[in-house]
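S.K.: I am attaching a structure below and will ask some questions about it afterwards.
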Amino acid sequence: MARTDETLREMYDAMLARFGPQHWWPAAAGADTAEGKLEICVGAILTQNTNWGNVERAIENLRAADALSVDALDAMDHAQLAELIKPAGYFNVKAKRLKNFIRAVAEFGGDIEAFLDRSVYSLREDLLAVSGVGLETADSMALYAGGKATFVVDTYTARILHRHGLIDEDADYEQIKETFQYALPEDVALFNEYHALLVAVGKEYCRKSKPRCDDCPLSDFPHDVTTGQ
DNA sequence: TGCCAGGCCGGGT
DNA sequence: ACCCGGCATGGC
């Protein structure tokens, strides 16, 4: 265990040294404003299984339509919203998911900052009750919009850790999350950057079909490609 | 050209 | 309790 903790901290250093800060949210969207926080939450839903470049187009459409507010999104009909977010793919399901999320905020009082401003436990519970908001999306919102020290796990996180023998093949989301939170100090900026770096490294070196470990920032850490997947 | 992206849900076994 | 099909655009 202590071995795993140390490895995870060293992996962070190695990835940061190679890639530098990733400037994910909130740096991008002025996240100390209500609109910035809402934009992050919207982006978290739109990016589900979707390239971030496509999400940016969709968000640009929403901004141009002056739709980046709880009231505007709540008032918009399905077809209208689906059309605006079309570039992000899965536009019909995502329009519903956005509406579901906005409904939850509206029912909480309609203020996104108030909605986010509570314990991670309470926030996570409400987010996970929204159909279309799963574990990763909820944690992304809580971390990047809500500023909570909660670690985000995605497919790259699981794949990279498994390749390096740090988790079981069948480790579930909560297990992986806890592995990080046990190993690391409870630090929002650290969790923010760590997840972003794992995604950056995953894209470059740890894709499903084309792993290339030669030049990977983590290649000095013991790993086994064949157990990958 | 086919594969992939910062998942999640609902229905079937 | 798993397993799987469906959802869909744009980039490389």
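S.K.: Which residue is farthest from DNA strand C (Cβ to nearest atom), if the candidates are limited to region A:183-226 and must be in contact (Cβ under 8 Å) with a residue 24 or more places away in the chain and among the charged types (D, E, K, R)?
M.R.: Of the residues in region A:183-226, the ones in contact (Cβ under 8 Å) with a residue 24 or more places away in the chain are A:183-184, A:186-188, A:190-203, A:206, A:208, A:211, A:217-218, A:220-225.
Narrowing further to those that are among the charged types (D, E, K, R): A:186-187, A:193, A:203, A:208, A:220, A:224.
Details: A:E186: 28, A:D187: 31, A:E193: 24, A:K203: 11, A:K208: 12, A:D220: 27, A:D224: 22 Å.
Restricting to residues being in contact (Cβ under 8 Å) with a residue 24 or more places away in the chain and among the charged types (D, E, K, R), the top hit is A:D187.
S.K.: Filter region A:40-79 down to residues that are within 11 Å of DNA strand B (Cβ to nearest atom) and outside any helix (DSSP H, G or I) and give me whichever is surrounded by the fewest Cβ atoms within 10 Å (Cβ to Cβ).
M.R.: A:N49
S.K.: Here is a further query. Note down all Cβ pairs under 7 Å where the first residue falls in region A:93-106 and is without any contact (Cβ under 8 Å) to a residue 24 or more places away in the chain, the second is β-branched (V, I, T) and within 16 Å of DNA strand C (Cβ to nearest atom), and they're at least six residues apart or on different chains.
M.R.: Final answer for the pair search is A:A95/A:I85.
S.K.: Which one is surrounded by the most Cβ atoms within 10 Å (Cβ to Cβ) among residues in region A:80-97 that are within 6 Å of DNA strand C (Cβ to nearest atom) and of a type in the set (A, V, I, L, M, F, W, C)? Steps first, please.
M.R.: Filtering region A:80-97 for residues within 6 Å of DNA strand C (Cβ to nearest atom) gives A:86-87, A:89-93.
After this cut, where a residue has to be of a type in the set (A, V, I, L, M, F, W, C) as well, the list is A:91, A:93.
On the way: A:F91: 17, A:V93: 13.
That would be A:F91.
S.K.: Of the conditions (1) within 17 Å of the chain's Cα centre (by Cα); (2) assigned to a helix (DSSP H, G or I), A:E113 fails just one. Which one is it?
M.R.: (1)
S.K.: Considering only region A:80-90, how many residues are within 20 Å of A:M141 (Cα to Cα) and part of a helix (DSSP H, G or I)?
M.R.: 1
S.K.: One residue is enough: does region A:170-193 have a residue meeting the conditions more than 22 Å from the chain's Cα centre (by Cα), among the basic types (K, R) and over 13 Å from A:M15 (Cβ atoms)? Working first, answer last.
M.R.: Kept after step one, since they are more than 22 Å from the chain's Cα centre (by Cα), are these residues of region A:170-193: none.
Checked against the condition, which is being more than 22 Å from the chain's Cα centre (by Cα), among the basic types (K, R) and over 13 Å from A:M15 (Cβ atoms), region A:170-193 yields no hits at all.
S.K.: On to the next question. Of the residues in region A:37-68, how many are more than 16 Å from DNA strand C (Cβ to nearest atom), closer than 23 Å to A:S131 by Cα and without any contact (Cβ under 8 Å) to a residue 24 or more places away in the chain?
M.R.: 1
S.K.: Among the residues of region A:145-152, are any in contact with a Gly (Cβ under 9 Å, 6 or more places away or on another chain), at pLDDT 95 or above and not aliphatic (A, V, I, L, M)? Working first, answer last.
M.R.: Of all residues in region A:145-152, those in contact with a Gly (Cβ under 9 Å, 6 or more places away or on another chain) come to A:145.
Those still in the list that are at pLDDT 95 or above too: A:145.
Then keep just the ones that are not aliphatic (A, V, I, L, M); that gives none.
No - not one qualifying residue is present in region A:145-152.
The values are calculated or read from the model by the stated rules, or taken from the named source; none is laboratory data. Only a predicted model underlies this, so the values are computations on that prediction, with no experimental measurement involved. Quick reminder, even Gly has a Cβ in these numbers, built from the backbone with ideal geometry, and neighbours come from all protein chains shown.
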